[in-house]
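Here is the structure we will look at.
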Amino acid sequence: MRILVVGGGTGGTIVANNLARRLSAEIRSRRVRITMLSASDKHMYQPGLLYVAFGQMTPDQLYRDQASLLEGAIDFHVDPVEKFQLDQNKVVTKSGKVHEYDILVMATGSRIVPEQIPGLVEGAETFYTEDTAVRLFKRLREIQEGTVAVVVGVPHKCPIAPVELIFGLHDYFKARGIRDKIKIKYHYPIGRIHTIKEVAIWAKPEFDRMGIEYETLFNVSEVDVENKVVRSEEGTETQYDLLIAIPPHRGMEVVEQNNLGEGGWIPTDRFKLTMNGHDNVFVLGDTTNLPVSKTGSAAHFQAEVVAENIASMIKIGTPVRDYDGKVYCFIETGHDSATYAMFNYQNPPDLKPPSKPMHWFKMSYNQMYWTSVRGLL
Amino acid sequence: MSDTKIVDARDTFCPGPLMELITHMKQSSVGDTLELLSTDEGSGADVPEWVNKVGHEILSNEKINGVWHIKIRKAK
């Protein structure tokens, strides 16, 4: 049985490691082989970028060698897939190598596409890459007064990031002693300040207490860089001194180039996590078209379901459980407190008051991630 | 006239029905029709509010067996 995992991010790495453990006997007896193909030999802890943007982490702290995170039995290659031939159960990589499989796991992730909004690349700072996070921090250090505007593209990964950014900005400028000279204005695409109703209800009085201005039903249409104005599809505009954007995302280009899904998102069964029409192709994390948060947390819980089901298909001939939509998101509510949102398809989150211990737990998790992604936690 | 594209956002709290609809609207062409399925009680009012503010068109909006079926035509 040949299992091919495409993508070495959170979801792909946890699936591969989990499978390598569950199928250790089958791998030793050469009845199962696990191969991973990735575009990079490095693995980034992406949530750390927000800390880089506030000068609390440096980029080198976000990386590990991908090979060091994988079980020894996994055959790992830095050789991204360019062609998916699902009807023939094979892929072709950049180097031209052909990999045949019996089971395929698609975990290619997503990418930012700020260029889809005119002026956003030139006019807005962001923190979704190493370079842009560092640049944003330098801008935050320089600014002395004025309006810091935050806008949110759709869709975007880590839906909690916009409110975490706001809380972080408030605390950062407060610590610099210039909070009274900085107006923070938050813009959000739908009619409340967060897409999760419970988060919106909780965050609104927090925003009011901190003096955060907000405008809802604001979908960015363009940035007028020369005049420092950001405009919305809804017909409003905001003048800014510093513009920070949560950029819109798409699935990876290779998904679109192979016509596997509109927008680069692969049509996926929300319970089985298989690609529609392909029972031997599993999809997880940002790669799916599911109405589920695009977060490492969702990828993690989906990876556990996918690995358990693939292993059970090999051992007893059938998958054993469905994905229930579980997501767990930490919410940093400033530089010294946090809460969390946990929910699934049926149960909304029940937000608890922010606390310092929850922030310490998040800070610990930033290190524990490397255990988690090895499939040990 | 293109086929109606179904946006199935039932039983989702994040990113939620309206955010899902906005995502699919951005991927669609002017003239396309989308039908949003939502179990969020607020969708019956929230979705038309956004659609009307942006300038798209609500074709129908009804609740059937606890599910909102909202048809929208992309107008711009």
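What follows draws every value from the coordinates through simple rules; no lab data is involved. What you are looking at is a predicted structure, and each value in this text was computed from that prediction instead of being measured. As a convention, Cβ positions derive from the backbone with ideal geometry for all residues, glycine included, and neighbour counts pool all protein chains shown.
Okay, here's what the table says:
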| read-out | value |
| --- | --- |
| The range A:1-127: equivalent-ellipsoid semi-axes (sqrt of 5 x gyration tensor eigenvalues, Cα, Å) | 32, 20, 10 |
| Loop trypsin sites (Lys or Arg not before Pro), the range A:315-377, which have at most 12 other Cβ atoms in a 10 Å radius of their Cβ (DSSP) | A:Arg321 |
| C-alpha center-to-center spacing [the range A:332-377, the range B:37-53] in angstrom | 30 |
| Stokes-Einstein diffusion coefficient of the range A:129-190, Kirkwood radius over Cα pairs, 25 °C, 0.890 mPa s, in µm²/s | 195 |
| Degrees, to the nearest 10: A:10-22 long Cα axis against longest axis of chain A | 30 |
| Rounded Å value of the spacing that divides the Cα centres of the range A:189-233 and the range A:74-128 | 32 |
| Cross-link pairs B:Lys5/B:Lys53; A:Lys181/B:Lys26; A:Lys90/B:Lys76; A:Lys174/A:Lys352; A:Lys42/B:Lys26 - those with Cα-Cα distance over 30 Å | A:Lys181/B:Lys26; A:Lys90/B:Lys76; A:Lys42/B:Lys26 |
| Among B:Leu36, B:Met25, B:Asn61 - extreme Cα towards positive end, dipole of the range B:1-72, charges at beta-carbon | B:Met25 |
| Of A:Asp180, A:Asp102, A:Asp87, the one that fluctuates the most in a GNM where chain A has Cα springs shorter than 10 Å | A:Asp87 |
| Derived scalar couplings ³J(HN,Hα) [the range A:211-227; Karplus, 6.51 cos²θ - 1.76 cosθ + 1.60; whole Hz; x for Gly, Pro] | x, 7, 7, 9, 10, 9, 6, 10, 9, 4, 9, 6, 10, 8, 5, 4, 9 |
| Spin-label model distance (nm) - A:Ile178 vs B:Ser29, 7 Å beyond Cα toward Cβ | 4.9 |
| About the Cα centre, charge dipole magnitude for the range A:114-248 (Lys/Arg +1, Asp/Glu -1 at Cβ), debye | 520 |
| 0 to 90° range, to nearest 10: angle between helix B:17-27 axis and chain B longest Cα axis | 20 |
| Degrees separating the helix A:356-372 axis from the principal Cα axis of chain A, which is the longest one | 30 |
| Reduced Cα scattering model of the range A:114-248, Debye log10 I(q)/I(0), q = 0.10, 0.22 Å⁻¹ | -0.28, -1.55 |
| Qualifying GluC sites (Glu not before Pro) in the range A:191-226, DSSP loop, other Cβ atoms within 10 Å at most 13 | A:Glu226 |
| Cα pair distances exceeding 12 angstrom across the range A:1-65, given as percent | 72 |
| Reachable lysines from A:Lys97, criterion Cα separation under 20 angstrom, eight or more residues apart if same chain | A:Lys83 |
| Two-decimal log10 I(q)/I(0) for the protein assembly as shown, as the Debye equation yields it once each C-alpha is a single scatterer, q = 0.06, 0.09 Å⁻¹ | -0.26, -0.59 |
| Restricting the range A:1-93 to trypsin sites (Lys or Arg not before Pro) in coil, as DSSP defines it, with at most 10 other Cβ within 10 Å | A:Arg30 |
| Anchor A:Lys138: aspartates and glutamates whose Cα lies under 12 Å away (excluding residues fewer than 8 positions away in-chain) | A:Glu125 |
| Reciprocal of mean inverse Cα separation for the range B:4-73 (Kirkwood radius, Å) | 11.7 |
| Length-normalised contact order of the range B:4-73 in % [C-alpha pairs under 8 Å, at least 6 apart] | 34 |
| Mean ellipticity per residue at 222 nm, deg cm²/dmol - from DSSP H runs of n ≥ 4 across chain A, formula -39500 (n - 2.57) | -9500 deg cm²/dmol |
| Listed residues A:Ser221, A:Ser297, A:Ser95, most fluctuating in chain A (Gaussian network, C-alpha, under 10 Å) | A:Ser95 |
| Sequence-distant lysines (8 or more away, or on other chains) whose Cα lies within less than 17 Å of A:Lys228 | A:Lys183, A:Lys185 |
